Amino acid sequence: MRTALLRSTARITATLLLGATALVSAGTLPAHAATGTVVTDSGLGVTIRSGNATSFGAVGTQPNGPVEIDCQIYGEPVTGKFGRSLIWDHVPGKGYISDAYVDTGSSGLVAPLCTSNPRADKSIAWYSARNGSTAYQGYCEMAAENSYGKTGIYASAKANWNDAVARGAAHRGDLNPPKGALVFWDLAAPYGHVGVARGDGYFWATSVNGKIGLAKLPYFSSYLGWAWPNF
């Protein structure tokens, strides 16, 4: 009897597991994922990209209508149907779309942060390729912007930080910035100083021993905090 019962229990367990697998493979969302609705004026949908910026290649189109979102990440700001947004939504198995074209019922995050950040990886690689260079001494803001493929956005690092404070996007005094976040110091008044966080307590910046280099936070005095790039 006990053997028969064990066999029956095993068959029931296997059936339940197979059923659960079928549901997942059919596209059932994890409990922490979200949904939204793509809305564009053209009605043609929004471009899916391989990363969280318009500089990444197009890999398809997400049509107008319901869309699954398994995670979100901050990236290049885009102005779309729902205003200006730094948030990018990751569509499972496809790529990234700008949240500026997705009605999620919120202007903030509705899903967990993605574990990868392609745009931040490119910024960090930019600094790494220039490790030891003195070409950007005195131009820390330009270096941070150039690492993200931008230039001439802010007059100084302090102006960048002040804008983040005004927008309510500054994380004052936080020594655990995520990968790709800008980190700020109140140095060289009135200009300030800025670098890019690596996501593990280290950051890249100019003026690390007089050159572009990698250092552990806070390194410089008068650390202000961090904010996502607003460019």
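The values are calculated or read from the model by the stated rules, or taken from the named source; none is laboratory data. Model, not experiment: these values are computed from the prediction. Because the Cβ atoms are built from the backbone with ideal geometry, glycine has one as well, and the counts that use them run over all protein chains shown. The protein model used for the area step is the full one, side chains on, heavy atoms only, and it has no ligands, DNA or RNA in it. Shrake-Rupley method; radii C 1.70, N 1.55, O 1.52, S 1.80 Å.
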**Message:** Suppose we filter G93, G132, G152 for residues that are out of contact with any helix residue (DSSP H, G or I) (no Cβ under 6 Å at 6 or more places or on another chain), at pLDDT 95 or above, open to solvent by 40 Å² or more (accessible area, probe 1.4 Å) and under 24 Å from G210 (Cα atoms); which single one remains?
**Reply:** G152
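In the set G36, G65, which member is surrounded by fewer than 20 Cβ atoms within 10 Å (Cβ to Cβ), at pLDDT 95 or above, over 18 Å from the mean Cα position of the chain (by Cα) and not hydrophobic (A, V, I, L, M, F, W, C)?
Being surrounded by fewer than 20 Cβ atoms within 10 Å (Cβ to Cβ), at pLDDT 95 or above, over 18 Å from the mean Cα position of the chain (by Cα) and not hydrophobic (A, V, I, L, M, F, W, C) holds for just one of G36, G65, which is G65.
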**Item:** Any chance G199 is open to solvent by less than 40 Å² (accessible area, probe 1.4 Å), part of a loop (DSSP other than H, G, I, E, B), in contact (Cβ under 8 Å) with a residue 24 or more places away in the chain and not polar (S, T, N, Q)
**Value:** no
**Hits in region 86-111 - residues which are within 21 Å of G43 (Cα to Cα) and not in a strand (DSSP E or B)** = K94, D99, A100, Y101, T104, G105
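Please indicate, with yes or no, whether at least one residue in region 204-225 is of a type outside the set (F, W, Y) and closer than 21 Å to G108 by Cβ.
For region 204-225, residues of a type outside the set (F, W, Y) and closer than 21 Å to G108 by Cβ: present.
Yes/no per residue for (1) modelled with pLDDT under 95; (2) of a type outside the set (D, E); (3) surrounded by fewer than 24 Cβ atoms within 10 Å (Cβ to Cβ); (4) out of contact with any strand residue (DSSP E or B) (no Cβ under 6 Å at 6 or more places or on another chain):
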position: D186; (1), (2), (3), (4): no, no, yes, no
position: H193; (1), (2), (3), (4): no, yes, no, no
position: I212; (1), (2), (3), (4): no, yes, no, yes
position: Y219; (1), (2), (3), (4): no, yes, yes, yes
position: S222; (1), (2), (3), (4): no, yes, yes, no
**Message:** Condition check: in contact (Cβ under 8 Å) with a residue 24 or more places away in the chain and either farther than 30 Å from L44 by Cα or within 17 Å of the chain's Cα centre (by Cα) (or both). Does A169 satisfy that?
**Reply:** yes
**Prompt:** Do we have D41 as under 16 Å from the mean Cα position of the chain (by Cα), surrounded by fewer than 18 Cβ atoms within 10 Å (Cβ to Cβ) and either assigned to a loop (DSSP other than H, G, I, E, B) or free of Cβ contacts under 8 Å to residues at least 60 places away in the same chain (or both) here?
**Reply:** no
**Asked** Quick one: in region 66-104, which of the residues that are touching a Gly at 6+ places or on another chain (Cβ under 8 Å) and without any contact (Cβ under 8 Å) to a residue 24 or more places away in the chain is farthest from R167 (Cα to Cα)?
**Response** A100
**Asked** Within the group A120, A144, A125, A164, which residue is without any contact (Cβ under 8 Å) to a residue 12 or more places away in the chain, in a helix (DSSP H, G or I) and within 17 Å of the chain's Cα centre (by Cα)?
**Response** A125
